[in-house]
Amino acid sequence: MERLDHFLVQRPDPLMDVSATAHALDAAVAAGKVGAVGVSNFLPEQWRRLQQAMKNPLVVNQLELSLAHSDSLFNGLYDAVLNDGHQPMAWSSLGGGSVFEDVLGTAIKRMAKEMQVSHAGLALAWLRRLPGHPVPIIGTLKEKRIHELAREGQVDLDRPSWFALLEEARSQRVT
């Protein structure tokens, strides 16, 4: 492989030499080895510190986000990703399967049947309804499954249905 479209720095290192890291990332972009750079699992001040030292913009930000892990929607992290102009990527977008368990799983199964999509497709449609349209990271390499989830993840999920799923996931009413 001669070029990566995107290169993400996975998890911040408390001992990271920010200047050296920024220089290496900028050099990879300048050499044409990397098309764009992003981060994964960084907090806002961590990625902003790296960005200040770089010439090229950080364009992608990968964070844990799903119905099972929606905290970033309420603690300011997701807003910071969008405010800084990063394309959000959602790792563990199906919550490692936990979104299909218990009360939430029952609600997803019922709603998925009504909408004639798979359970996973509905969970991804919930995610894709967010501003910024996060790119879900799914745990399959099967081409047929990837195409199926890409199609079903585009299902139009209305606002009441979106909030109904969120309420089941958080086990409380959203007011």
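Before moving on, here are some points about what is shown:
- Within a Gaussian network of the chain (alpha carbon springs, distance under 10 Å), most fluctuating of Leu25, Leu122, Leu141: Leu141
- For Rg and Dmax of the Cα atoms in Å, the value computed from the atomic coordinates appears in the list (1) 21.5, 58; (2) 16.0, 50; (3) 17.8, 53 under label (3).
- Gyration tensor verdict on the range 57-101 (Cα atoms; rounded if a/c is under 1.5, prolate if a/b is larger than b/c, oblate otherwise): oblate
- A simple count of charges around Ser161, restricted to other residues whose Cβ falls under 12 Å of its Cβ and scoring Lys, Arg +1 and Asp, Glu -1, yields -2.
- Just checking the listed ones, Asp158, Asp26, Asp84: in the Gaussian network model of the chain with Cα springs under 10 Å, the one fluctuating most is Asp158.
- A Förster distance of 22 Å, applied to the separation of the beta-carbon atoms of Arg145 and Glu114, puts the FRET efficiency at 0.50.
- Size of charge dipole - the chain - debye, nearest 20, with Cβ of Lys, Arg +1 and Asp, Glu -1, no other charges: 280 debye
- Cross-link partners of Lys109 among lysines, defined as those whose alpha carbon lies under 24 angstrom from its own and excluding same-chain residues fewer than eight positions apart: Lys142, Lys144.
- The C-alpha atoms of the chain define a longest principal axis, and helix 143-152 lies at about 70 degrees to it.
- Computed over the chain with a Gaussian network model linking Cα atoms closer than 10 Å, the most mobile of Ile138, Ile108, Ile146 is Ile146.
- Accessible carbon and sulfur surface of the range 1-139 relative to its total accessible area, %, 1.4 Å: 53 percent
- Beta bridges assigned by DSSP with both partners in the chain are antiparallel in approximately 0 percent of cases.
- Taking a Cβ cut-off of under 11 Å around Ser40, the surrounding Lys, Arg, Asp and Glu residues balance to a net charge of 0, with basic ones at +1 and acidic ones at -1.
- Accessible surface for the range 1-125, divided over its residues, is 53 Å² per residue with a 1.4 Å probe.
The values are calculated or read from the model by the stated rules, or taken from the named source; none is laboratory data. Keep in mind that this is a model prediction, so the values were computed, not measured. In this analysis, Cβ positions are derived from the backbone assuming ideal geometry, glycine residues included, and neighbour counts consider all displayed protein chains. Side chains are part of the model used for accessible areas, which takes the heavy atoms of the whole protein and leaves out ligands, DNA and RNA. Shrake-Rupley method; radii C 1.70, N 1.55, O 1.52, S 1.80 Å.
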